[in-house]
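Some notes on the structure that comes next.
The values are calculated or read from the model by the stated rules, or taken from the named source; none is laboratory data. Because the structure is a prediction, the values reported are computed rather than measured. Here the Cβ is made from the backbone with ideal geometry for all residues, glycine too, and neighbour counts use every protein chain on show. These accessible areas exclude ligands, DNA and RNA; they are computed on the full protein's heavy atoms, side chains included. Shrake-Rupley method; radii C 1.70, N 1.55, O 1.52, S 1.80 Å.
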Amino acid sequence: MASRSALRRATAVIRSAYAARVGQAPCASGSYAHGLLDAKDERGAPSTSRRGGDARGFAASSAASSDDLPSHQIVPFPSLSPTMTHGGIAAWKKKEGEFVAAGDILAEIQTDKATMEMESMEDGWVAKILVAEGAEDVPVGKPVAVLCEEQDAVGAFKDYVPPAEDASPSGASPADAASASAPARAVLERPDYRPIGERGVPLTGSRAAGRQIEDDAGAAATAPAHGADATMMTVRDALNSAMAEEMERDQKVFIMGEEVGDYQGAYKITKGLIQRFGPERVRDTPITEAGFAGLACGAGFMGLKPVVEFMTFNFAMQAIDHIVNTAAKTLYMSAGTISCPIVFRGPNGAAAGVGAQHSQCFAAWYMSIPGLKVVVPYDAEDARGLMKAAIRDPDPVIFLENELLYGESFPISKEALSPEHVAPLGKALVMRPGSDVTLVSFSKMVGECKKAAEELAKEGIDAEVINLRCLRPLDRDAIAASVRKTNRIVVVEEGWPQAGVGAEIAAMVMEDAFDHLDAPVERITGVDIPMPYAKNLEDLALPKVADIVRVAKRVCYK
């Protein structure tokens, strides 16, 4: 994985393009902006005018300190490995009163295994060094220095003493002690290293892990009913309008990918955006997915919000190292200090007549990766609301669209047309309530399930259709609540059967709703072969409405 300094160099072109624009206009969101986006004075130090903060950087530490002190950032002694608890300061590389840029080396850290460098996470001035050079046995998280935002404020920290942490109550667990104290940011956001037995089975929250589940807990909301006069919108226009509104709202958002600019996008999703926002914010790239995915990761680390288009997610295999090892893992590996707000979007799954190498569904691949969020919209309302949520999310989001849905029109509510409407990530939606069998799916297959439900209704079977909308986080509560009502479930997906989305949902239903099942969980998937090129064989390789009807009748014993 590339070093942070290499990533900073890779984002130089974006920095130069944004400096003037963003330096002149404050962020529409009013959030804390990283040093990359701040105007610099002639010495290369931050300008004296910064935008308002949220709960990160100088704002985070200042809010937890005395109101009499200028804006500042407490620098904690870092953890260089999951097992490290103490270390030493071998040497300070910056002196009090010196300017330090994000990424500069503050000190050399000595452990029992090696000497390593401690980088600054913020731009600022070294106001006070709290732990002297040569100190040993320094606990992880102990404040070792203070950075202030302005040079004139350095003198205010001459007699600064860091606040003492409250002693944890007798008998308190490590997690209780951590939440009761006010440690430095890196300690506060460090991952939970307690044994699984003390913190429950990760992700599942199942009955096997001791979770109590009520019969009506977590039921999904029902999709709004649309009248005959409802506004119609294609999925293509929904995605385009959502990205345009987010680019208007936040100047840190930009788009990059192959043919997204002058050509208006391979599927015209970015149509008109380069004319509206200019080539600095709608950037055409060479045909090098690994290159521009890595560039996007660096931009995200430095505070920008890239929306990366892959012409198809089949081509994202060239970039999967950056997606999985850089974007998804850096927040955890940096102890919660470096986020990577990126949207990786593009068509996923089968299109029509494009062969085996361009027809794969990657949903199960990406939903298995901790650190990613995976969004799978179905209709225009999904596409618009979920795209806005993905762009605003602080984590990397995989946004899996379907090429065959781009030109399809759907009714859309007035609420979803509002620029401020954002659909929640991780929440499924009931597209059709029912009582006899649950049909669970995502993306294009939701439409097939709705058609199958209409056919089943003619035979007296009342099917409930659930649109998952997100695969990570997966709304397992909504699935279990529906199974407790219908007592039967059929999962439908285009992907392959082994280790697929349906396999995960089947395991989850066994954990959360086994006692409520009146029939085995059924899966309908694509055929377990590479996609054929011939149209007649391609049709046979994908689930059809008739397949869903047949299997639903089977679980209802009809």
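Just to verify a result, which residue in the range 271-305, among those that are among the charged types (D, E, K, R) and open to solvent by 40 Å² or more (accessible area, probe 1.4 Å), is nearest to the chain's Cα centre (by Cα)? Write out each step before concluding.
Of the range 271-305, the ones among the charged types (D, E, K, R) are 271, 276, 280-281, 283-284, 289, 305.
Subset that is open to solvent by 40 Å² or more (accessible area, probe 1.4 Å): 271, 276, 280, 283-284.
Values: 271: 25, 276: 27, 280: 24, 283: 22, 284: 23 Å.
Per the criteria, the residue is 283.
For the range 394-418, enumerate the residues that are farther than 19 Å from residue 236 by Cβ and either open to solvent by 20 Å² or more (accessible area, probe 1.4 Å) or at pLDDT below 95 (or both).
394, 395, 414, 415, 418
Does the range 375-383 contain at least one residue that is in contact (Cβ under 8 Å) with a residue 60 or more places away in the chain, part of a strand (DSSP E or B) and not basic (Lys, Arg)?
Let us first name the residues in the range 375-383 that are in contact (Cβ under 8 Å) with a residue 60 or more places away in the chain, namely 375-383.
Cutting the leftovers down to part of a strand (DSSP E or B) gives us 375.
Imposing the further condition that a residue be not basic (Lys, Arg) reduces the set to 375.
For the range 375-383, residues in contact (Cβ under 8 Å) with a residue 60 or more places away in the chain, part of a strand (DSSP E or B) and not basic (Lys, Arg): present.
Would you check if residue 339 is open to solvent by 10 Å² or more (accessible area, probe 1.4 Å) and farther than 23 Å from residue 250 by Cβ? Working first, answer last.
Numbers: open to solvent by 10 Å² or more (accessible area, probe 1.4 Å): yes; farther than 23 Å from residue 250 by Cβ: no.
Here the answer is no, as residue 339 does not meet what is asked.
Condition (residue is touching a strand residue (DSSP E or B) at 6+ places or on another chain (Cβ under 8 Å), within 22 Å of residue 361 (Cβ to Cβ) and in the same structural domain as residue 309 (by the TED database)) applied to the range 487-500: is it met by at least one residue?
No, every residue in the range 487-500 fails to be touching a strand residue (DSSP E or B) at 6+ places or on another chain (Cβ under 8 Å), within 22 Å of residue 361 (Cβ to Cβ) and in the same structural domain as residue 309 (by the TED database).
What are the residues in the range 467-509 that are under 25 Å from the mean Cα position of the chain (by Cα), open to solvent by 10 Å² or more (accessible area, probe 1.4 Å), more than 21 Å from residue 348 (Cβ to Cβ) and in contact (Cβ under 8 Å) with a residue 60 or more places away in the chain, if any?
476, 477 - these are the residues of the range 467-509 that are under 25 Å from the mean Cα position of the chain (by Cα), open to solvent by 10 Å² or more (accessible area, probe 1.4 Å), more than 21 Å from residue 348 (Cβ to Cβ) and in contact (Cβ under 8 Å) with a residue 60 or more places away in the chain.
Answer with yes or no whether residue 384 is open to solvent by 10 Å² or more (accessible area, probe 1.4 Å) and within 27 Å of residue 250 (Cβ to Cβ).
Numbers: open to solvent by 10 Å² or more (accessible area, probe 1.4 Å): no; within 27 Å of residue 250 (Cβ to Cβ): yes.
In short, no.
Cβ-Cβ under 8 Å, sequence separation 6+ or interchain: first residue in the range 279-304 and more than 21 Å from residue 266 (Cα to Cα) and of a type in the set (Ser, Thr, Tyr), partner open to solvent by 20 Å² or more (accessible area, probe 1.4 Å) and part of a helix (DSSP H, G or I). Which pairs?
none
Kindly list the number of the only condition in (1) farther than 12 Å from residue 125 by Cα; (2) open to solvent by less than 60 Å² (accessible area, probe 1.4 Å); (3) at pLDDT 55 or above; (4) not β-branched (Val, Ile, Thr) that fails for residue 93.
(2)
Residue 348: in contact with a strand residue (DSSP E or B) (Cβ under 6 Å, 6 or more places away or on another chain), open to solvent by 10 Å² or more (accessible area, probe 1.4 Å) and not assigned by the TED database to the domain that holds residue 440, yes or no?
Values: in contact with a strand residue (DSSP E or B) (Cβ under 6 Å, 6 or more places away or on another chain): yes; open to solvent by 10 Å² or more (accessible area, probe 1.4 Å): yes; not assigned by the TED database to the domain that holds residue 440: yes.
So residue 348 passes the test.
Would you confirm, using the coordinates I've provided, whether residue 482 is in contact with a strand residue (DSSP E or B) (Cβ under 6 Å, 6 or more places away or on another chain) and among the small types (Gly, Ala, Ser)?
Yes, satisfied.
Mind counting the residues in the range 302-325 that are under 20 Å from residue 122 (Cα atoms) and modelled with pLDDT under 95? Steps first, answer last, please.
Step one: of the range 302-325, the residues under 20 Å from residue 122 (Cα atoms) are 302-305.
Cutting the leftovers down to modelled with pLDDT under 95 gives us 302-303.
Of the residues in the range 302-325, 2 are under 20 Å from residue 122 (Cα atoms) and modelled with pLDDT under 95.
So which of 353, 346 ends up being at pLDDT below 95 and on the phi > 0 side of the Ramachandran plot?
Numbers: 346 fails: at pLDDT below 95.
Exactly one of 353, 346 is at pLDDT below 95 and on the phi > 0 side of the Ramachandran plot, namely 353.
Would you call residue 514 without any contact (Cβ under 8 Å) to a residue 12 or more places away in the chain, among the aromatic types (Phe, Trp, Tyr) and more than 26 Å from residue 532 (Cβ to Cβ)? Step through it out loud before you land on a result.
Working: without any contact (Cβ under 8 Å) to a residue 12 or more places away in the chain: yes; among the aromatic types (Phe, Trp, Tyr): yes; more than 26 Å from residue 532 (Cβ to Cβ): yes.
So residue 514 passes the test.
How about the range 423-455: which of its residues are open to solvent by less than 10 Å² (accessible area, probe 1.4 Å), under 15 Å from residue 383 (Cβ atoms) and part of a loop (DSSP other than H, G, I, E, B)?
If the condition is that a residue be open to solvent by less than 10 Å² (accessible area, probe 1.4 Å), under 15 Å from residue 383 (Cβ atoms) and part of a loop (DSSP other than H, G, I, E, B), then 423 is the only one that fits.
Within the range 510-546, how many residues are surrounded by 16 or more Cβ atoms within 10 Å (Cβ to Cβ) and not β-branched (Val, Ile, Thr)? Quick ask: steps written out before the conclusion?
Applying the first criterion (surrounded by 16 or more Cβ atoms within 10 Å (Cβ to Cβ)) to the range 510-546 yields 511-513, 516-517, 521-526, 531-532, 538, 541-543, 545.
Right, trim to not β-branched (Val, Ile, Thr) and you get 511-513, 516-517, 522-523, 526, 531-532, 538, 541-543.
Qualifying residue count, the range 510-546: 14.
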